[in-house]
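Inspection log for the structure reproduced underneath, given as C-alpha cells.
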Amino acid sequence: MPAIVNLLFNTVSTNTTISFSLVLPLVSVLSLLVGVGGHLLMWLVLMRNPRRRSKPSSVLLLNLSLADMGALLTLPCVLLSASSQDWQLGGGICVLLGFMTSLTAGVDIFSLAALSVLRYRIVAPPARPAPSPTQVAGIVAVIWLVSVTMALPKVTYIQFDSGCTWSVGRGQWLGFLVPAFLVYYVAPLLCIALNCGLIITHLHRCRGTLAADRRNKKATALLIGSTLVFAISWLPYYALEFVNVMSPYVSFVSLLWEVASLSAILLVCLAPCWNPPLYFLLSRPAVRQLRALLPSLRKCLGSLRPPITPAPPTRFPHLRPLPTFSILTRVMSIGLCTHYHSRLSQYSMFLTAAPPLRRGSTPLPIKHQLRREEAVSEDHDWIPGIDEPATLPISDALCRDESFSQASEGCHGSAIRIVLLGQNGVGKSALSLALAGLSDSSLSVDSETACGEGYERTVSVDDEQSSVIIYDNWKQDLSTLQCEVVVLVFSVTDRRSFHRTAQLRLILRESLPHTPIILVGNKSDLVRSREISTEEAHSSAMMYECQYLELSASLDHGTTELLEGAVRAARGDCVGPGWTEGDPGAGRRESLTSKAKRFLAGLMSRHRGSKILRQKSRSCHDLSAM
C-alpha cells in the first residue's frame, strides 16, 4: 500500500512553488469538515433504529464509516506538515501515520467487498438465509485482522532518520508493493465487479418496476459509487509508486512528477468524505430519518445560544397591532371558509363518514362495511407503474410501531399476530374479515374484539385454544414489522400482484428470516379471468420455501384452512408438504373433532357456492372447484 508520508515528503522536498502549501490545507480542511460531519450524521441515522442497526449491511456500513473516520484523523498531521514543509511531530507519529493509512484503506476495500457479497445473497435467487450476528462479527474481525497484517511492514521498515520513508532497497520494496497491490486493490475490486455484474443482470431481468427493485438498484448504486471513489483515489498512488521504484530519479527532474504527486495526495485526502453524501443521496429511508433528526439538532443548537432578552411590555399588551399582511390573510380566510361552508351545507346529507370502498370485483355486504371504517385503510397501498407514495416521517413511524407493539403485547400478551401483505386490489380486506369470523364460519369463536388496527378472535385448532390478531393495513417499512406469521396475498387474475409477492419475499427474507410465510392466491372463483396457473404458483412457493394455498375470500372458501395452517405454523407444528395442494393437514394426524369441523365447513361452502350460482354472476360460470 503506498504510504502518504513517503509521497508527501518527496513532493514537499522538491516542490518550489507556493501552490502546494495553499491547495493541500484547503482540501484537507474541507475533507475534514464534510467527512466528520457526514459520518456523525450517518452514525446517528443508523443507530436510531434498533432493527436497522442490527442488519448485516448496516454493520458493514458502520465498519466502513469507522475506517473513513480513522483516515480523517490523519489529515491534521498532513495539514501541519504541508503548512510548515517540514516534519515536526517526531518518528512515532511518522510511523503511526503510515500504518493508519494502510490500515484504513484495507478496511475500506474489504468492507466494500463483503457488502457486495451480501447484496448478491439478498437480491439474487435462490433464497439464502441472512448471516447471523455472530457471522457478521466474524467477518468484521477478519477484515481488521487482514488489514492489520498487511499494514505491519509500515511499522517495521519506515524510519524517521531517513526522511520518514522506507529504509529498504528497491527489490525488497517492490516485493512488498506487488502483493499489496494484488491483495488491497486488484482482488477486492474483481470480487466487487463480479457481484455487481450479477446483481445488475438479475435486476435487469426482473424489469425493476416495483419499489423493492428501486431500493435494490439504489443500494447497488451506493456500492458501485463507493467502490469507484476508492479505485479512483488510490490508483494514482499505485501508479506513482511503481514509477518511483522503476525510475527512482524521475522525481528529482520532472515537474510533471510534482503535479502528479500533488493530485494523488489530494485524491486520498478527499476519499474519506465521499461515502456519507453518497449514502444520503441514494438512500430514501436515511433521508427521512435525517429529516426527523433535524428538529432535535436545531433544538440542541438553539440551547447553546445565549438567551434573548424579551422586549419591555407595552401599555396595552392585549391590544397588539397586527401586520397588514396578517390582517388581509385572516379576512380572506374567513371569507373563504364562509363561502365553502354555505356551499357544503347544501350537500351535508351526502357527506357522511362512510367507510372506504372495498377493492376487488365482488361487493362487500352492507353489514360488514361498517366494520371497515376503523379496521382498514388503503391510503399507502402502491400500484406498479405509479411513483412510490410518501411514507410516514420516521418520528411518526416510530410512534406507530410502538403503539402497535404495545397494543398487541399489553392487550394480548400471547396472541398470534398474522399480517396480510400484498398489492392493492387483491382482496386483503375481505380476507381479513373472513379470517376474523365476521362472516359465517365453521370455527368456534369465543371472543371477537377490535385491538389497535386489526381484528382479534379466539379459535380452536387441534383441540387447543389460540388467540389470533389479523392485520391487513401495515403502512410502515417492512423492517419494523413484528409478527408470528406473514401471509402474502395475490390475485390469480392479476400477474402484477403475483410479481409483487416475489419482491415482498425478498424483503422479508432479510428483515424476518425465521418468520413463517404463507403464499395465498385469492379470487380463485374468477376462473375465466385467471392469469396465474396453479402450477406456476406452486413452483414459486417451492422456490422460496413457503406454503401455498388458493382460496376465495368473497365466497369464504379456503379461509378456514388458511387460518388453521397459520396457527399451526406459528406454533411450530408441521403443516405438511401436501398443504400446497389444498390439504393443510397432510402429514399430520387430525383429531375427530377437527375432521368433523372440516366436513361441516365443506358442506357450508358448497351451500354458499350454490347460492352464488343462482345469482348468475357474469364474472364466472365455473364454480365446480368450490
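The values are calculated or read from the model by the stated rules, or taken from the named source; none is laboratory data. Quantities reported herein were computed from a predicted structural model and do not represent experimental measurements. Ideal geometry is used to build each Cβ from the backbone, glycine not excepted, and the neighbour counts take in all protein chains shown.
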Of the candidates A212, A193, A221, A231, the one satisfying the condition of being in a helix (DSSP H, G or I), aliphatic (A, V, I, L, M) and at pLDDT below 85 is A212
Could you tell me whether region 159-166 includes any residue that is of a type in the set (F, W, Y) and either outside the structural domain of N275 (by TED's automatic domain parsing) or at pLDDT 75 or above (or both)? no
Criterion (crowded, with 19+ Cβ neighbours inside 10 Å, under 16 Å from R417 (Cβ atoms), touching a strand residue (DSSP E or B) at 6+ places or on another chain (Cβ under 9 Å) and modelled with pLDDT of 85 or more) met by exactly one of R500, R505, R457: R457
Single condition T101 does not satisfy, out of (1) touching a strand residue (DSSP E or B) at 6+ places or on another chain (Cβ under 6 Å); (2) modelled with pLDDT of 80 or more: (1)
Selection status of S83, modelled with pLDDT of 75 or more, surrounded by fewer than 20 Cβ atoms within 10 Å (Cβ to Cβ) and not hydrophobic (A, V, I, L, M, F, W, C): no
Quick check on region 104-127: of everything there that is surrounded by 13 or more Cβ atoms within 10 Å (Cβ to Cβ) and in a loop (DSSP other than H, G, I, E, B), which residue is modelled with the highest pLDDT? A124
Would you mind listing the strands (runs of 3 or more DSSP E) fully within region 468-581 where at least 3 residues are closer than 30 Å to A219 by Cβ and hydrophobic (A, V, I, L, M, F, W, C)? 485-491, 517-522
Tally the residues that are farther than 19 Å from W144 by Cβ and either crowded, with 18+ Cβ neighbours inside 10 Å or aliphatic (A, V, I, L, M) (or both), restricting the search to region 47-73. 4
Restricted to region 523-568, and to residues that are in contact with a Lys or Arg (Cβ under 9 Å, 6 or more places away or on another chain) and on the phi > 0 side of the Ramachandran plot, which residue is surrounded by the most Cβ atoms within 10 Å (Cβ to Cβ)? K523
Scanning region 29-45 for residues that are surrounded by fewer than 17 Cβ atoms within 10 Å (Cβ to Cβ) and more than 18 Å from S296 (Cβ to Cβ), which turns out modelled with the lowest pLDDT? V29
